[in-house]
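Okay, structure first, notes after.
The values are calculated or read from the model by the stated rules, or taken from the named source; none is laboratory data. Just so it is clear, the model here is predicted, and its values are computed rather than measured. Cβ: placed from backbone, ideal geometry, glycine included. Neighbour counts: every protein chain shown. The area values use the complete protein model at the heavy-atom level, side chains included, leaving out ligands, DNA and RNA. Shrake-Rupley method; radii C 1.70, N 1.55, O 1.52, S 1.80 Å.
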Amino acid sequence: AQSVTQLDSQVPVFEEAPVELRCNYSSSVSVYLFWYVQYPNQGLQLLLKYLSGSTLVKGINGFEAEFNKSQTSFHLRKPSVHISDTAEYFCAVSDVDSSYKLIFGSGTRLLVRP
Amino acid sequence: NAGVTQTPKFQVLKTGQSMTLQCAQDMNHEYMSWYRQDPGMGLRLIHYSVGAGITDQGEVPNGYNVSRSTTEDFPLRLLSAAPSQTSVYFCASSYSPADRGPEAFFGQGTRLTVV
């Protein structure tokens, strides 16, 4: 069975500072990895995904994530955050053979302060 | 382009009542799913469908039924609502093109309160 762990429930950061949101996963099979963002009272929007190949994945809004197979991690980073990045961020994993079934982490609330 | 449309957006039920949460997608996607979102638990898969006429259980299926008579629609039924089903429900529609890999599109959610 797969699982996803997001250790930080909330990450406060000042505007224009860098941020890293951590995600670790466990799986016995090959996986795809995803980061989704949820703005208040909205659905989830895909930020980026790792399928294969280059371990550094770039997404929308200046976010990027690095896949580390040995550490089973997929941390999300942004070099300089904006107030508008305040949202909840979810890491998710899916089995390569059933990619429509997503397993989500518990989420990390990013709070950007002026 | 509407994407994934969920209705209603809000609903209050009394314990024991039944209701259907509607989900429709206009992207001709094969895969559709229902998730519930609870504080501190992320989203958990309730039921999913890989095509019209085919459904299966996810992680937390108890108390919920689904059917998929058309590609576009995937309703979620609560047969006898319980306070433990108070949650925000999201419907997702997915596809997996060979050149871009899988991608899921989510509705705006239905906030359900069972009293």
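Per-residue 3J(HN,Hα) values for the stretch A:34-39, derived from phi via the Karplus relation 6.51 cos²θ - 1.76 cosθ + 1.60 with θ = phi - 60°, read 9, 10, 10, 10, 10, 7 Hz in sequence order (x marks Gly and Pro).
Once the Kirkwood radius over Cα pairs is known for the protein assembly as shown, the Stokes-Einstein relation at 37 °C and 0.692 mPa s delivers a diffusion coefficient of 181 µm²/s. Per-residue shielding of B:55-62, expressed as the average number of other chain Cβ atoms within 10 Å of the residue Cβ, stands at 1. Ratio of Rg to Rh for chain B: 0.97 [Cα atoms; Kirkwood radius as inverse mean 1/r over pairs]. Accessible surface area normalised per residue over the stretch A:28-110 is 43 Å², counting heavy atoms of protein chains with a 1.4 Å rolling probe.
Determine the shape class of the stretch A:8-48: with a ≥ b ≥ c the square roots of the Cα gyration tensor eigenvalues, call it rounded for a/c under 1.5, and otherwise prolate if a/b is greater than b/c, oblate otherwise. Taking the square roots of the gyration eigenvalues as a ≥ b ≥ c, the stretch A:8-48 is oblate.
Once you reduce the stretch B:14-61 and the stretch B:71-115 to the center of their Cα atoms, the two points are 4 Å from each other. For the protein assembly as shown, the share of DSSP beta bridges that are antiparallel, to the nearest 5, is 90%. Amide H to amide H distances under 5 Å link A:Asp8 with A:Arg22, where only residues 5 or more positions off or on other chains count and H is placed in the peptide plane.
Annotation: chain A has a Kirkwood hydrodynamic radius of 14.1 angstrom, from the mean reciprocal C-alpha pair distance.
Only lysines eight or more places from A:Lys78 in sequence, or on another chain, were considered; those with a Cα closer than 26 Å are A:Lys49, A:Lys58, A:Lys69. Backbone amide hydrogens, once placed in the peptide plane, bring B:His47 within less than 5 Å of B:Trp34, B:Gly58, excluding anything fewer than 5 places away on its chain.
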